[in-house]
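Just so you know, all these numbers are worked out from the coordinates, no wet-lab data involved. Keep in mind it's a predicted model, so treat the numbers as computed, not measured. All Cβ positions, even for glycine, are placed from backbone atoms using ideal geometry, and neighbour counts span all protein chains on display.
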Amino acid sequence: MNNNKYEFKAEIKKLLDILSKSLYQHKEVFLRELISNSVDALKKIHFLSLTDKNIENVDKNLKIEIIIDSNSRTITVKDTGIGMGKEELINNLGTIAGSGSQKFLEQLNKSQETDKKKVDLDVIGQFGVGFYSIFMVVDKVKVISKSYIKEEIGYQWESDGSGEFILDISERKTRGTDVILFLKEDEKEYLDKFRIESIIKKYSNYVSFPIYVSEIKKEEEKEKEKEEKKSDTKEDKPEEKKPEPINELIPLWKKISKDISDEEYKTFYHFISNRYDNYSHVINYSIDGTVQFNSILFIPESDVNQFNRPDDEYGLTLYSKSIMIMKNCSDLIPKWMRFIKGIMDSNDIPLNISRDTIQTNRVMMKIEKLLIKKILRELDDIAEKDSDKFKKFWESFGPYIKEGIISDAFRTDRLLKFLRFKTSISNEGDYRSLEEYIKNIPETQTEIYYLVGENLNTMKLSPHLGYYNENNMEVILFEDPIDNFLMMNVHEYKKTVGEGENEEIKSYKFTPIDMTEPAKGDKESNKKDDKTEQTEEDLPENIKKFFEYVKSTLKEKIIDVKLSDRLYKNICRLANPAGGMTSSMQRAMRYWTRTESGKEFEIPRKILEFNKNHTVFKSLIDLYESNPKDNKINIVLTQLFENCLLSEGDLPNPSLMVPRINKLIELLITGKLPTE
């Protein structure tokens, strides 16, 4: 074997064979890996130059150049970094540090179990094998490098990925490294300057050294330029533009927040979110303690219907040392916070972190907790100091907070403070909080009354509200579809009352008003004539007989018939039995079954409660006593039942209901029912 030829280790041969043949999902990442290597080399020489003035070309500009040559089908990545000598080229490019290669292959096999042709994006670079990603796009690679040590000579490392590499002396005289990629025939897309620039902006836009991109013109283009130059006079000759770096150099999140303009924030928000609206609030948050990170987080102005697409990818853009690692990193914020847009950059996170290892990375877990805590503090601040701004936030993102209350058990009590709602006495367009609700109730009241319905207007006319309106008792009105799930999961609200030694936690129970049990703690509950819980044995005989008739008429549509003195101006209502399934649970079940099986959940039968003081009820009793077979009774009872359904937001069968209403109209006008 030739002295300048070296064989890769067996596991690297296998690795190179896999990379050269795999249909990698994101081949473009090879450029990110090469730029990351160049950045490391530049950082090392910059650090050494601060203390050692004996370094080769110490004053040379620290930069990265990418040269595209369509004539030779090559891309060259050049840096003026620390460079490599012979042993470093062998150790850095000929082997994988430690046992990284074997671990890589094990992970690669797992990835390919799900897709035999595709390699997972996160596998490359996870075990220090990022450089080898170039073999997905090249037939051959040359690395020409000269160490920063003056006495060292230059070397050229070359391989086609077939299992060996060649190492020769190079005539290179200046410090740094050139990586020359000889692209495969079907990888010509990377000879497009715009394509290369877009990859740089995607992954490496914020590295701390300038990146320049240039291209060597094709022969015909060179000839054309020569002809144009000949025809140009000195006056017409255009002034040559000074090359400018493609990247931003100083990331926005590393600037002092007070020095960042609104326009800079707006531009960055559009870039990071891929949205064209504006943000309503920005959080510039940095920590340099047990963990280090910088972040910029945005709350958008509007939702753009994202809540109804919970399966869409979400999360912050994750950077490590200013290099983009992944978009939509969902391990930095919980799913219910997916309305938050932004980035997080940390020097404590390795460049080779993957989606698998993020979940067990302690630094990431610590950062997640700090970010969530900061976002909640910001929302506290907005709610306290700018009610109009918080109102707009709630109208756009309230469902997300409700989702958090449901799904994030650890933070349920914390998130309940943000809950906003309309009530039976609130003004149109106004929202109230639980703190405001509790402030307005008697000290003896320990229940938070609520009603869930299809829409606000329907609920305000609900027969369930009559008793509470008459007694000036405030009732929360929930109308969002998610409220059905919310009230299945929220049972109480805890509030700290008193100070010092007298401080205590007081619990307030959420109580639905459409249950049959009587409300407690109000001015009517202790009245002697409150017959709400009156047993059937206590009823007068004529009412008993009438109730039996109602049951036989409505049959399986109801579970029981009762009297109530809490309906006031309403004739009747449908109430859930005490201890039974709440209306929220029923609607949630109907939603689940409709989406899961296509078969709609059947709402359980309810109790039909009559207002014993209402004229219509008294007239029905009299009519039944005088003529039990009068057909009007049957028609009126059925219509009253369906009126109750309508008030609940349920639509009865119109083909049966409309003819019945027409009969009642004829009865009202003519004084008699139409003949059958």
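Most exposed first by the Cβ proxy, i.e. fewest other Cβ within 10 Å, how do 637, 316 rank?
Numbers: 637 19, 316 27.
Ranking 637, 316 by Cβ neighbours within 10 Å, fewest first, gives 637, 316.
Using the structure shown, list the pairs from 27/184; 374/494; 266/389; 391/460 with a Cα-Cα distance above 20 Å, or answer none.
Values: 27/184 12 Å; 374/494 22 Å; 266/389 18 Å; 391/460 22 Å.
The pairs that break the limit, which is 20 Å between Cα atoms, are 374/494; 391/460.
How large is ³J(HN,Hα) for each residue in region 413-425, as worked out from phi by the Karplus curve 6.51 cos²θ - 1.76 cosθ + 1.60 (θ = phi - 60°), to whole Hz, x for Gly and Pro?
4, 5, 6, 4, 5, 8, 4, 10, 7, 8, 9, 5, 10
Mind giving me the FRET efficiency for residue 241 and residue 218? R0 is 25 Å, r the Cβ-Cβ distance, nearest 0.05 is fine.
Working: r = 20 Å, r/R0 = 0.82.
E(calc), rounded to 0.05, equals 0.75.
Across region 254-263, in residue order, what do the Karplus-derived ³J(HN,Hα) couplings come to in whole Hz, using 6.51 cos²θ - 1.76 cosθ + 1.60 with θ = phi - 60° and x for Gly and Pro?
9, 7, 5, 4, 5, 8, 8, 7, 4, 5
Take region 256-386, drop everything but the C-alpha atoms, weight them equally and run the Debye formula without solvent; then report log10 I(q)/I(0) at 0.09, 0.11, 0.16 Å⁻¹ to two decimals.
-0.25, -0.38, -0.83
With unit charges on the beta carbons (Lys and Arg positive, Asp and Glu negative) and the dipole taken about the Cα centre of region 256-386, which residue among 260, 293, 339 sits farthest to the positive side?
After comparing all options, I get 293.
Name the residues whose placed amide hydrogens come within less than 5 Å of the amide hydrogen of residue 423, ignoring near sequence neighbours (fewer than 5 apart) on the same chain.
Result for residue 423 returns 477.
Once amide H atoms are placed 1.01 Å from N in the peptide plane, what residues at a sequence separation of 5 or more from residue 316, or on another chain, have their amide H within under 5 Å of its amide H?
Amide H to amide H, under 5 Å and 5 or more residues apart or across chains, residue 316 pairs with 329, 332, 333.
Given a Förster distance of 51 angstrom, what is the FRET efficiency for residue 150 paired with residue 309, based on the Cβ-Cβ distance and rounded to 0.05?
Details: r = 60 Å, r/R0 = 1.18.
Computed FRET efficiency for residue 150 and residue 309 comes out at 0.25.
Enumerate the calculated ³J(HN,Hα) couplings along region 555-570 in order (Karplus 6.51 cos²θ - 1.76 cosθ + 1.60, θ = phi - 60°), each rounded to whole Hz, writing x wherever the residue is Gly or Pro.
In residue order, the calculated couplings are 6, 6, 6, 10, 9, 6, 10, 9, 9, 8, 9, 10, 9, 6, 6, 8 Hz.
Run the numbers for residue 335 and residue 195: contour at 0.36 nm per residue of separation, minus the present Cα-Cα distance, in nm. Working shown, then result.
Details: separation 140, 0.36 × 140 = 50.40 nm, distance 3.29 nm.
Extra length from residue 335 to residue 195 when fully extended: 47.1 nm.
Give me the one-decimal nm value for the distance between modelled label points at residue 169 and residue 384, 7 Å along each residue's Cα-to-Cβ direction.
Inter-label distance under the simple model: 7.3 nm.
Got a sec? How would 458, 80 order by Cβ neighbour count within 10 Å, fewest to most?
Working: 458 15, 80 22.
Ranked by crowding around the Cβ, least crowded first: 458, 80.
Based on the Cβ-Cβ distance of residue 666 and residue 427, what FRET efficiency does E = 1/(1 + (r/R0)^6) give at R0 = 60 Å, to the nearest 0.05?
On the way: r = 42 Å, r/R0 = 0.70.
It comes to 0.90.
Taking H as built 1.01 Å from N, whose amide H comes closer than 5 Å to the amide H of residue 559, not counting residues under 5 places away?
It is 606, 607, 608, by chain and number.
Is there a pair in 327/366; 9/86; 150/242; 5/140; 173/321; 569/612 whose C-alpha atoms are over 22 Å apart, and which pairs would that be? All intermediate terms of the calculation are to be shown ahead of the outcome.
Working: 327/366 19 Å; 9/86 18 Å; 150/242 31 Å; 5/140 15 Å; 173/321 31 Å; 569/612 11 Å.
Pairs exceeding the cut-off: 150/242; 173/321.
Counting residues in region 324-473 as N, plug N into 2.2 N^0.38 Å and put the Cα Rg over that result.
Details: Rg = 20.0 Å, N = 150, 2.2 N^0.38 = 14.8 Å.
Compared with the compact-globule rule of thumb, region 324-473 sits at 1.36.
Highest first, please rank the peptides 143-154, 338-349, 555-566 by the mean number of other Cβ atoms sitting within 10 Å of their residues. Present the calculation step by step, with values, prior to reporting the outcome.
Numbers: 143-154: 19.1, 338-349: 21.5, 555-566: 17.4.
Those peptides, ordered most packed to least, come out 338-349, 143-154, 555-566.
Note down the relative contact order for region 256-386 as a percent, whole number, built from C-alpha pairs under 8 angstrom at least six residues apart. Intermediate results must be reported in sequence, preceding the final value.
On the way: 183 pairs, mean separation 28.6, N = 131.
It rounds to 22 percent for region 256-386.
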